[in-house]
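Everything on this sheet refers to the single structure shown next.
The values are calculated or read from the model by the stated rules, or taken from the named source; none is laboratory data. This one's a predicted model, so the numbers in the text were calculated from it and none came from an experiment. Here the Cβ positions follow ideal geometry from the backbone for every residue, glycine too, while neighbour counts run over all protein chains shown.
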Amino acid sequence: MKAKIIVTPKKAVVDPQGKTVQRALEQMGYGGIRAVHVGKYLEIELDGADREAARCSLDDACRKFLSNPVIEDYQLEISD
Amino acid sequence: MNFVVLQFPASNCDQDAVHAVRALGHAARGLWHKETALGDADAVIVPGGFSYGDYLRCGAIARFSPVMQAVKQFAENGGWVLGICNGFQVLTEAGLLPGALVRNRDLQFHCEHVFLKTVTHDSPFTNRIPTGKILRIPIAHGEGCYFADEATLTKLKMNNQILWQYCDAEGRVTDAANPNGSVWNIAGICNERRNVAGLMPHPERACEPILGSDDGKWIFESLIAALQNKTIAQAA
């Protein structure tokens with residue numbers, strides 16, 4: 001089983017990385033970009049086959065450690 | 001007074017903190033992060049550095065080090081804890097201080113002297129700072145921008161928890177004087193109970209004139225004075 005976790009800065013937090021990447025893209029000629037948010041991607045390889053147990057456990061890990069709920073949101077996806 | 005200075009893998013300001021306390025005439029020793037007991041400790045300093053390489057988030061891994069359980073208990077029992085730079089980051093990650101530290105708004109690492117206005121003298125970390133004195137203290141960080149949501153900021157203000165703000169040489173709290181984009185120019189705060197504090201600037205690097213400023217000593221002197229008063233009060 002594999003867990004895919006995306007961690008992104010909360011909208012309320014200033015994201016200078018995102019803004020810098022946006023400016024660079026625009027300077028390179030890519031148009032129509034409203035906003036860029038730079039986050040983190042984690043891949044966790046898991047033993048076992050119980051998706052629900054894995055989701056429960058990793059949800060806990062995401063809230064307590066892999067993301068900082070003060071400044072970040074996360075999305076968790078479990079797949080085979 | 002006995003100061004304990006934590007040491008995580010890649011802490012790099014622990015020796016400076018130990019030296020600063022000793023130069024002020026008090027005892028200080030390093031404590032490796034794997035220890036589960038603080039031993040004889042009157043105060044704990046969580047030092048600056050790049051603990052665990054700043055991996056995942058600054059301080060995110062250090063906060064789970066075995067020694068942090070003892071620090072949490074120490075704080076819960078009213079013990080005094082001062083987090084400096086990475087130490088501030090560790091304390092926010094550990095939930096011992098509110099808010100979070102994020103990347104500097106200009107994405108640059110800032111290594112320079114800044115000026116600090118002491119917002120309140122009502123704390124063990126600021127009680128000895130002369131009234132009106134603007135502290136000149138160095139910063140060295142890439143992720144020192146203090147962030148907290150509206151509700152938290154309101155609480156910080158109401159409870160007088162903001163200890164220091166970035167200002168100019170005349171004490172004016174301006175955007176130009178803000179090196180990293182911290183909300184309200186916040187450089188340091190304390191918890192509601194006023195026994196845990198954190199700041200991004202390095203007072204331990206400003207305790208001797210040869211280093212360019214000895215204004216940092218006021219913060220340590222405040223802590224020492226508060227500890228001495230506590231000891232007298234307990235003996236009475």
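Within region B:1-94, considering only strands (runs of 3 or more DSSP E) that don't extend past its boundaries, which have at least 1 residues that are β-branched (V, I, T)? Quick ask: steps written out before the conclusion?
Details: elements: B:2-7, B:27-32, B:43-46, B:80-84.
Per the criteria, B:2-7, B:43-46, B:80-84.
If we keep just the residues of region B:99-128 that are closer than 29 Å to B:D54 by Cα and of a type in the set (D, E), which is surrounded by the most Cβ atoms within 10 Å (Cβ to Cβ)?
B:D106
May I ask you to list pairs of residues, at least six apart or on different chains, whose Cβ atoms are under 7 Å apart, with the first in region B:142-155 being crowded, with 22+ Cβ neighbours inside 10 Å and the second being of a type in the set (D, E, K, R)?
B:C145/B:R103; B:C145/B:R105
Is one or more of the residues making up region B:217-232 assigned to a loop (DSSP other than H, G, I, E, B) and either modelled with pLDDT of 95 or more or hydroxyl-bearing (S, T, Y) (or both)? Walk me through it before giving the result.
First, pick out the residues of region B:217-232 that are assigned to a loop (DSSP other than H, G, I, E, B): none.
So far as region B:217-232 goes, no, none of its residues is assigned to a loop (DSSP other than H, G, I, E, B) and either modelled with pLDDT of 95 or more or hydroxyl-bearing (S, T, Y) (or both).
Within the set of pairs 6 or more residues apart or between chains, which connect a residue that is under 17 Å from B:R194 (Cα atoms) inside region B:212-236 to a residue that is in a helix (DSSP H, G or I) and at pLDDT 95 or above with Cβ atoms less than 6 Å apart?
Listed pairs, sorted by first residue: B:I219/B:P203.
Could you look through region B:195-215, keep only residues that are touching a His at 6+ places or on another chain (Cβ under 7 Å) and part of a loop (DSSP other than H, G, I, E, B), and pick out the one that is nearest to B:V90 (Cα to Cα)? Write out each step before concluding.
Looking only at region B:195-215, we keep the residues that are touching a His at 6+ places or on another chain (Cβ under 7 Å), and these are B:200, B:212-213.
Adding the requirement that they be part of a loop (DSSP other than H, G, I, E, B) leaves B:200, B:212.
Working: B:M200: 11, B:G212: 27 Å.
In this case the residue turns out to be B:M200.
Can you pull out the residues in region A:55-80 that are without any contact (Cβ under 8 Å) to a residue 40 or more places away in the chain, within 13 Å of another protein chain (Cβ to nearest Cβ) and among the charged types (D, E, K, R)?
Across region A:55-80, the qualifying residues are A:R63, A:K64.
Any residue in region A:18-34 that is surrounded by 11 or more Cβ atoms within 10 Å (Cβ to Cβ), of a type outside the set (G, A, S) and in contact with a Lys or Arg (Cβ under 8 Å, 6 or more places away or on another chain)? Steps first, please.
Going through region A:18-34, the residues surrounded by 11 or more Cβ atoms within 10 Å (Cβ to Cβ) turn out to be A:18-26, A:33.
Subsequent filtering for residues that are of a type outside the set (G, A, S) retains A:19-23, A:25-26, A:33.
If we keep only those that are in contact with a Lys or Arg (Cβ under 8 Å, 6 or more places away or on another chain) too, we end up with none.
Looking through region A:18-34, none of the residues is surrounded by 11 or more Cβ atoms within 10 Å (Cβ to Cβ), of a type outside the set (G, A, S) and in contact with a Lys or Arg (Cβ under 8 Å, 6 or more places away or on another chain).
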